[in-house]
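Working notes, structure below.
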Amino acid sequence: MKKCEYSKFIVDYAYRAENDIAREFSEHLKNCEYCQLLWKFHKKLQIENQNILINQSSDDLKERIKLAINRRNTSNLDFAYIMINRHIKIIASIVILLLALSVVINIMNFSKLYEAKNIDNSINFVDTSDLNEQHKKIINSEITKDLLLEIAFSNE
Amino acid sequence: MNESEIIKRVIDGATQEFNKLVEAHFDSVYRVIFLYVKNPEITEDLTQDTFMKAFTNIAAFRFKSSFKTWLIRIAINTVKDYFRKSSIKNRYFVKCELMEIQDFRSKPDELLESLEFKKFLDVAISELPEKLRIVYILREQEKYSYEEIADIIKKPIGTVESRLFNARKIIQQKFLKWIGEEK
């Protein structure tokens with residue numbers, strides 16, 4: 001069988017309506033064995049595609065799908081899962097927000113502690129000459145930092 | 001009650017109504033998946049997955065396309081996910097030894113009517129590149145319109161047309177090779 005140059009147009013021609021085919025090609029088709037074969041091939045292809053048979057156990061499967069959906073409707077766990085799935089972004093945003101808030105609170109607490117530590121250090125330079133005897137006694141004894149801070153900020 | 005009303009009722013909580021949608025679209029979904037994977041057991045699993053996904057996400061349906069188009073899109077994505085997750089390198093389940101066809105060369109009509117030709121077609125279609133295969137299956141075997149296919153694969157109509165043309169051309173080339181007209 002001799003390869004034909006016209007065959008490059010065969011795909012286009014084969015899928016058009018019969019009356020759309022150019023007369024020139026129509027004439028050629030009658031005489032060219034190669035194009036005839038391809039023409040018949042595409043026409044057969046179209047028929048075969050329409051005749052596809054599938055062995056499907058559709059009724060049985062349809063029932064199983066319906067049952068699965070009904071189970072989903074009645075199962076609280078599944079429902080919770082669906083709801084969580086649907087609201088996962090909102091839940092994640094709230095968790096992230098709470099985490100961020102706790103980080104901010106921790107930073108604020110830390111800065112307060114840092115401030116207190118600085119005050120604690122500066123107390124060593126407090127002039128004790130004006131303090132009464134009781135206070136001097138306390139200062140000279142082993143005192144806790146908390147007590148020292150309390151004294152430093154008291155108005156007495 | 002039309003389909004849109006059924007969908008709205010399902011979204012509003014009348015989930016039993018979803019069975020009507022399963023009934024109406026089961027065959028289309030099953031056929032498209034089967035034509036894609038060519039294996040009844042896998043088709044059953046993926047069909048069930050498709051409907052479960054549609055049921056779970058029905059609130060996301062925006063009524064911009066037809067429900068069938070939306071469902072077929074889910075089916076195709078389910079098939080793609082399946083192939084991706086199962087890491088199947090060879091996606092083509094149809095494997096058969098093609099018979100020697102030398103005897104038919106002088107009788108093209110007999111060749112086109114033979115069982116071997118049907119087997120050849122099965123293999124040729126299943127070996128098409130994925131992008132071309134889905135367009136070919138939707139158009140030639142399921143008779144979807146170009147607009148519907150464009151909607152399903154989310155590409156312009158021009159892309160659908162060119163993919164369809166290329167698919168037909170590839171099958172033609174395989175045919176010529178099969179009958180020994182081209183190397």
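Computed from the coordinates by the stated procedures, all read-outs in this text should not be read as laboratory data. Computed from a predicted structure; not experimentally measured. Backbone-built Cβ (ideal geometry, glycine too); neighbour counts: all protein chains shown.
Here are some notes:
- Rg [Å, one decimal], Dmax [Å, integer] - region B:101-183, C-alpha atoms: 14.7, 45
- The ranking of A:Arg64, A:Arg23 by Cβ neighbour count inside 10 Å, starting from the fewest, reads A:Arg23, A:Arg64.
- Approximating the spin labels as points 7 Å out from Cα along Cα→Cβ, the B:Asn77-to-B:Ser162 distance works out to 2.5 nm.
- Note on region B:1-88: Rg/Rh from C-alpha atoms, Kirkwood Rh, equals 0.99.
- Packing, as the average of other Cβ atoms within 10 Å across residues, places the peptides A:96-103, A:26-33, B:49-56, B:117-124 in the order B:49-56, B:117-124, A:26-33, A:96-103, highest first.
- Relative exposure of B:Ile179, A:Ile65, A:Ile47, judged by other C-beta atoms within 10 Å (fewest first): A:Ile47, B:Ile179, A:Ile65
- Summing Cβ point charges (Lys, Arg +1; Asp, Glu -1) relative to the Cα centre of region B:1-88 gives a dipole of roughly 440 debye.
- Toward the positive end of the charge dipole of chain B, with +1 on the Cβ of Lys and Arg and -1 on the Cβ of Asp and Glu, the farthest Cα among B:Tyr144, B:Thr50, B:Asn77 is that of B:Asn77.
- With Cα atoms, 0 to 90° folded angle of helix B:157-178 axis to chain B main axis: 30 degrees
- Percentage relative contact order, region B:101-183, counting C-alpha pairs under 8 Å, at least six apart: 29 percent
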